[in-house]
Amino acid sequence: MYIYGHRFIESDSFYHVPNIDAIQNTPSNSTIYLDFSEDNLEIINHATLNSVVLALGAVNITEIIYASSLGASFIVVPKELAKTAQNIANNYLFDAKILIHITDEDEIEELAILGVDGVIFSNAIIKINS
């Protein structure tokens, strides 16, 4: 299980960017985080075309499918979608890993039992301004 942002487990950070120019203000080889939205398609396509590792937040099944089709390496979903998202990813052999956004480490055990790929705490997502 992947764990991002836990206080005693070293992990990479994800960089939430508001636009394409902000990508330049992130460390090289970093993972860019965006919420899936039609408004973000230009940034998503730019990241994909430039081989930038991409994490997309999704809030429903359709967005999970879009995120995979758009080449996301990680799909971040709320806990309520954990089992469904992981089942879809396994069924369709997604290359993307399913990460569940959590706020408390007590949630890790429950999600491990469900077989999700990983969890991410909010502090693993760093907001970058342009």
Examine the range 9-16 for a residue that is crowded, with 19+ Cβ neighbours inside 10 Å, within 30 Å of Ser130 (Cβ to Cβ) and in contact (Cβ under 8 Å) with a residue 12 or more places away in the chain, and state whether such a residue exists.
yes
Checked pairs for the range 101-115, first within 13 Å of Glu80 (Cα to Cα), second surrounded by 13 or more Cβ atoms within 10 Å (Cβ to Cβ) and among the small types (Gly, Ala, Ser), C-beta under 7 Å and 6 or more apart or across chains, list as Leu111/Ala82; Leu114/Ala82
Ile23 versus (1) more than 23 Å from Arg7 (Cα to Cα); (2) under 15 Å from the mean Cα position of the chain (by Cα); (3) surrounded by 18 or more Cβ atoms within 10 Å (Cβ to Cβ): which is the lone unmet condition?
(2)
Would you check if Gly71 is small (Gly, Ala, Ser), surrounded by 14 or more Cβ atoms within 10 Å (Cβ to Cβ) and modelled with pLDDT of 95 or more?
yes
For the range 63-119, which residues satisfy the criterion of being basic (Lys, Arg) and over 24 Å from Asn50 (Cβ atoms)?
Lys79, Lys83
Are there any pairs, at least 6 apart or on different chains, whose C-beta atoms fall under 6 Å, with the first in the range 44-67 and at pLDDT 95 or above and the second crowded, with 23+ Cβ neighbours inside 10 Å and in a helix (DSSP H, G or I), and if so, which?
Leu54/Ala47; Leu56/Ala67; Ala58/Ile64; Ala58/Ala67; Ile64/Ala85
Which numbered condition Val119 misses (of (1) outside any loop (DSSP other than H, G, I, E, B); (2) surrounded by fewer than 18 Cβ atoms within 10 Å (Cβ to Cβ); (3) in contact with a strand residue (DSSP E or B) (Cβ under 9 Å, 6 or more places away or on another chain)):
(2)
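The values are calculated or read from the model by the stated rules, or taken from the named source; none is laboratory data. These numbers come from a predicted model, not from an experiment. With ideal geometry, Cβ positions are generated from the backbone for all residues, glycine too; neighbour counts draw on all protein chains shown.
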